[in-house]
Amino acid sequence: MPGSHSVDTEPTAPEQKQADPAPTTSPAGRGGWLSPVTNWVYGILVTVVILAGTAGAVRVWLSDRGFWNDELYIAANVRDLGVRGLFGALRYYQIAPLGWLVTEKSFLKVLGESEQALRLPAMVAAVATLILGVVLACRAIGRWAALLTGLLLATSPMLLTYAGELKQYTTEAAIALLVLLAADMYAADDRQHLTRRRRLITWIVIGMIAAVFSYSAMVVIAAALAAVVLHLWIRKRFPDMKAFLLGSIPVLALTAVVVFRRRMLPQLADQNGYFPTGFPPAHSNLPQIIEWLPRMWGGFVQSPLMWGAPVLVLLLVIGGLVSLVLRGRLLWAALLTAVLGVAICAAAVQGLPVQDRVSLYLLAPVALAITACVDGAVRGCVRAFTAVSGKQASAAQGSATQGSATEVSAAQWWSRTRPIGTAVGVVLAIGTVLSLGTTAAIAQPAVAGAYKEVTTPQYRDPGRDVLADVATRLEPGDRVVGYAFSKPLIAWYGRHFHLPVVGLATLGPQKTCHPETLAPILAGATRIWYVHGARLSTHPDDFNARVVAMLGQHGHVVQSKQINSASAALASPGWTLIDVKAGPDPHPATFPALPDYACMTMLPAPTY
């Protein structure tokens, strides 16, 4: 017709007949056997789960905890650099998605520099991850599966932890689910009533936003592209497939630019060493990569999933993917398989690790696969016993009026083979119990960790409280010397508390030492406060005590105080007061000789 567009052409009738029964979120399509009371109970339960998960995230976000170094590296860049500066290399070797950085910059400008203001996007993204996970589980698996998925996400310690930190990982988890939602919206059989243009524009917009806001989106976009193309090819929806491939070109182009930019940014030496199981050894061949896979999976289950029994988790994931295939949910089976497969391939080529916080975006896809396994076992058990009792035949007659020949033939077969059906039903019942019990068992460590995180949020570095305490004790003539590793802590909070910081202390070997840098620091000072946050993990346990002993050669150690946090993950921060006018400490502490930490140098103080 005149004015029509071929891109909006709907599938022909033969194409629609190729599709399996379309998934739907309506009560009738997703489980018409549910009674109104059961629907009401389901609605109450899923609401409670979402509200409980939201309350946990808000609780962690609102807790009074200062930034720790990893957050301060980002905070300093966001505060001190303009938007144009965020496009380039960041200080402290930080690498973060540009869209996320600009968002944090906006929050800082509007809401200020408080911890809650800068952590707000992380909390919102954690709640969005929970809600999107429930929505996608309902789409891909079923309503009751959405409830189990919500429970797994709401009790994720890592999701709760990063809901209250100035890091991008909860944002990446939410972005991953948005990409999967866009892929489902375009390719799902029950979405064909929407015009192709509308579905394609949604995919392009979400894909390009994802590429700018999330580095892990490159994995999910590649996986979604492969899964959607495969699904459309199997369904013989070739016009949709062609349009999808053409529409994905700008998404892939932007993703390629983001990948190239990330590879060009400076990184810390041995950056991959922070993820011992997340990457295979550098330059690994195929046998070495295969050998790495069990270690990778064990490390991934330990963190970020924080579940137990990696082998059982793997069996549940595989069972979930098989269940989706058997139920005709080929699109979601392909999407979840592709996400995990592409993520492993990205790690194998030293791209993104499959371990710890960086792989938090895989939490929801794995939870969906496990939920599909449990849901499939329950559905199979119910269907088997329904068939044995003879009720399947009447259900099949109702389906026959709707044109489902597969349902009818299955019901007739069951009615003729009840002994076999009984045995299958018993096996599936046992499988249901095992899948539910296994899921509860593997998730138990995460539930305990989530409870601990909500009741006592992890305070990684109470260094802020150390500086606040010193600020209330300062007297005229006092000077503050900081631990060199605490430079970002002092640079951020020193300005807030108006601390007179004159230098940063570090220890090194004699050949690279500059002890003469200490004299200008002491000149004119009455007392010196040595302050330190959490200790660098590669420094010896007594590093700060050695610094205090060397300062004690120039003044009397008056008092020391550690500020312990019940959930402090690293060595306790604290301060030491040294009276310079009182002369050297008569009883200085002694330590075993460590040539690499034998001499003290004073580095310049950060500027406010």
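The values are calculated or read from the model by the stated rules, or taken from the named source; none is laboratory data. Note that the coordinates shown come from a computational prediction; the quantities given were computed from them, not determined experimentally. Cβ sites come from the backbone with ideal geometry, for glycine too, and all protein chains shown count toward neighbours. Calculation scope for accessible area: heavy atoms of the full protein, side chains included, ligands and nucleic acids excluded. Shrake-Rupley method; radii C 1.70, N 1.55, O 1.52, S 1.80 Å.
Numbers below:
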item	result
Residue check, Trp332 open to solvent by less than 10 Å² (accessible area, probe 1.4 Å), outside any loop (DSSP other than H, G, I, E, B) and either aliphatic (A, V, I, L, M) or over 30 Å from Leu265 (Cβ atoms) (or both)	yes
Some residue of the range 120-129 being modelled with pLDDT of 95 or more, hydroxyl-bearing (Ser, Thr, Tyr), crowded, with 23+ Cβ neighbours inside 10 Å and under 13 Å from Thr54 (Cβ atoms)	yes
Test for Val531: is it more than 36 Å from the chain's Cα centre (by Cα), of a type outside the set (D, E, K, R) and surrounded by 20 or more Cβ atoms within 10 Å (Cβ to Cβ)	no
Those residues of the range 281-294 which are within 15 Å of Gly341 (Cα to Cα) and open to solvent by less than 80 Å² (accessible area, probe 1.4 Å), in sequence order	Ile289, Trp292, Leu293
Output for the range 141-165, where each listed residue is part of a loop (DSSP other than H, G, I, E, B), surrounded by 24 or more Cβ atoms within 10 Å (Cβ to Cβ) and touching a Lys or Arg at 6+ places or on another chain (Cβ under 7 Å)	Gly164, Glu165
Selection within the range 218-253 - open to solvent by less than 50 Å² (accessible area, probe 1.4 Å) and assigned to a loop (DSSP other than H, G, I, E, B)	Arg235, Arg237
Residue among Gly43, Gly88 that is open to solvent by 20 Å² or more (accessible area, probe 1.4 Å), free of Cβ contacts under 8 Å to residues at least 60 places away in the same chain and either touching a helix residue (DSSP H, G or I) at 6+ places or on another chain (Cβ under 6 Å) or not in a helix (DSSP H, G or I) (or both)	Gly88
Residue in the range 306-325 that is open to solvent by 40 Å² or more (accessible area, probe 1.4 Å) and either among the small types (Gly, Ala, Ser) or not in a helix (DSSP H, G or I) (or both) present	yes
Residue match in the range 102-118 (condition: part of a helix (DSSP H, G or I), open to solvent by less than 10 Å² (accessible area, probe 1.4 Å) and touching a residue at least 60 places away in the same chain (Cβ under 8 Å))	yes
Every residue from the range 62-101 that is among the charged types (D, E, K, R) and under 27 Å from Pro573 (Cα atoms)	Asp64, Arg65, Asp70, Glu71, Arg79, Asp80, Arg91
Test: residue in the range 550-564 that is of a type in the set (A, V, I, L, M), open to solvent by 40 Å² or more (accessible area, probe 1.4 Å) and out of contact with any strand residue (DSSP E or B) (no Cβ under 6 Å at 6 or more places or on another chain)	no
Leu518 touching a helix residue (DSSP H, G or I) at 6+ places or on another chain (Cβ under 7 Å), touching a residue at least 24 places away in the same chain (Cβ under 8 Å) and either more than 18 Å from Phe543 (Cβ to Cβ) or among the aliphatic types (A, V, I, L, M) (or both)	no
Sole exception among (1) surrounded by 12 or more Cβ atoms within 10 Å (Cβ to Cβ); (2) out of contact with any helix residue (DSSP H, G or I) (no Cβ under 6 Å at 6 or more places or on another chain) for Lys511, by number	(1)
All positions within the range 83-98 that are farther than 21 Å from Ala491 by Cα and of a type outside the set (A, V, I, L, M)	Arg84, Phe87, Gly88, Pro97
Total residues in the range 336-371, condition within 14 Å of the chain's Cα centre (by Cα) and part of a helix (DSSP H, G or I)	13
Qualifying residue in the range 485-493 (condition: within 24 Å of Ala269 (Cβ to Cβ), among the polar types (S, T, N, Q) and open to solvent by less than 20 Å² (accessible area, probe 1.4 Å))	yes
Yes/no for Gly88 being modelled with pLDDT of 95 or more and touching a Leu at 6+ places or on another chain (Cβ under 9 Å)	no
Residue, nearest to Phe67 (Cα to Cα), within the range 172-208, restricted to residues that are within 23 Å of the chain's Cα centre (by Cα) and open to solvent by 20 Å² or more (accessible area, probe 1.4 Å)	Leu178
Val354 within 19 Å of Met218 (Cα to Cα), open to solvent by less than 10 Å² (accessible area, probe 1.4 Å) and among the aliphatic types (A, V, I, L, M)	yes
